[in-house]
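The values are calculated or read from the model by the stated rules, or taken from the named source; none is laboratory data. Note that this is a predicted model, so its numbers are computed, not measured. For neighbour counting, all protein chains shown are included, and Cβ atoms are generated from backbone atoms with ideal geometry for every residue, glycine included.
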Amino acid sequence: MTQPAASSKRLGNTPECTAQLVEVFSAIQGEGINVGTRQIFIRFGACDLRCSFCDSAHTWVTPTSCQIERSPGLRDFETHPNPIPLPTLLSWVEQQNYPGLHDSISLTGGEPLLHAPFLVNFLPQVRQRTGLPIYLETGGHRPKQLSMILPYLDIIGMDVKLPSVSGEVLWQAHREFLEHAITAPVELFVKIIISQQTELADLVKAAKMVAATNPQIPVILQPVTPLDCSGALLAPTPEQVLTWQTLMKHSLKSVRVIPQTHKAIGQI
Ligand code: SF4
């Protein structure tokens, strides 16, 4: 079913007033420190990274249309053309917000921080209308954009990309991101994807970097979920995971190992 979104001409198609979306839906968070909680997911289009383990490559480029779930969890999607006017997205989120059902709103992607000019306008309004905490899932490499929306965030799940696993080298950007994030009264945690190819030097560097900011910041080691059977990126062995957790706990207070649980239960 295809329905035109409310006219975006009234507000103009500026990045401040319209969103470039992939989908909006209600689901169980399958990663990180809030695993198992129920969230309204707002998935933004576009990403400026190309992680080798990415399971969301369909978000790298903003699609011409987005999928909107009408009833939370029923997967009764409608298709709407991008970009989406701010008031329209607000009404969709309110429609999903059944009393007592959701624990928070997840901003995900793609890279949500590429949409900071929009989020600066959207987040205060969606917080006020729903009363739900705002959870940012990010590659952790855009500190300037983080600063723009930091006052409106409650939880930040920040990736630290290991070069040996992701193929991306972002140490300086991650360091600056941590320095910005720690200035706000938010719940901050770090997520690190690990595979059999993980190099020890990368893990040591990541542990030192987080500990230098604050050793109390929780770190989640997330074993990669292999995308196919080609063996390009293998899940770490149990021995590797035990060794790496031990190593990181030398300098960090909380290091947990949590795989992607939404895939285990067959949820999108
Ligand atoms: S930052 Fe996320 S969406 Fe972007 S390439 Fe990496 S895993 Fe994929």
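One table, with the values for the structure above:
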| quantity | calculated |
| --- | --- |
| Qualifying residue in the stretch 47-55 (condition: over 13 Å from the mean Cα position of the chain (by Cα), under 30 Å from S164 (Cα atoms), away from the ligand (no atom under 16 Å from the Cβ) and touching a residue at least 60 places away in the same chain (Cβ under 8 Å)) | no |
| The stretch 95-113, subset part of a helix (DSSP H, G or I) and touching a strand residue (DSSP E or B) at 6+ places or on another chain (Cβ under 7 Å), residue nearest to S71 (Cα to Cα) | Q96 |
| Total residues in the stretch 138-185, condition of a type in the set (V, I, T) and under 15 Å from the mean Cα position of the chain (by Cα) | 5 |
| Count - residues of the stretch 60-94 that are in contact with a Pro (Cβ under 7 Å, 6 or more places away or on another chain) and either among the hydroxyl-bearing types (S, T, Y) or assigned to a helix (DSSP H, G or I) (or both) | 2 |
| Which listed residue, of I42, I28, I33, is at pLDDT below 95 and either within 16 Å of the ligand (Cβ to nearest atom) or touching a strand residue (DSSP E or B) at 6+ places or on another chain (Cβ under 7 Å) (or both) | I33 |
| Residue list for the stretch 156-189, restricted to those being among the charged types (D, E, K, R) and either free of Cβ contacts under 8 Å to residues at least 40 places away in the same chain or assigned to a helix (DSSP H, G or I) (or both) | D159, R175, E176, E179 |
| Count - residues of the stretch 139-165 that are within 16 Å of the ligand (Cβ to nearest atom) and either at pLDDT below 95 or aliphatic (A, V, I, L, M) (or both) | 6 |
| One residue from V224, V255, V190, V210 being buried (at least 21 other Cβ atoms within 10 Å of the Cβ) and at pLDDT below 95 | V224 |
| Any hit, the stretch 73-88, residues being surrounded by fewer than 19 Cβ atoms within 10 Å (Cβ to Cβ) and without any contact (Cβ under 8 Å) to a residue 40 or more places away in the chain | yes |
| Flag if C66 is in contact with a strand residue (DSSP E or B) (Cβ under 8 Å, 6 or more places away or on another chain) and surrounded by 18 or more Cβ atoms within 10 Å (Cβ to Cβ) | yes |
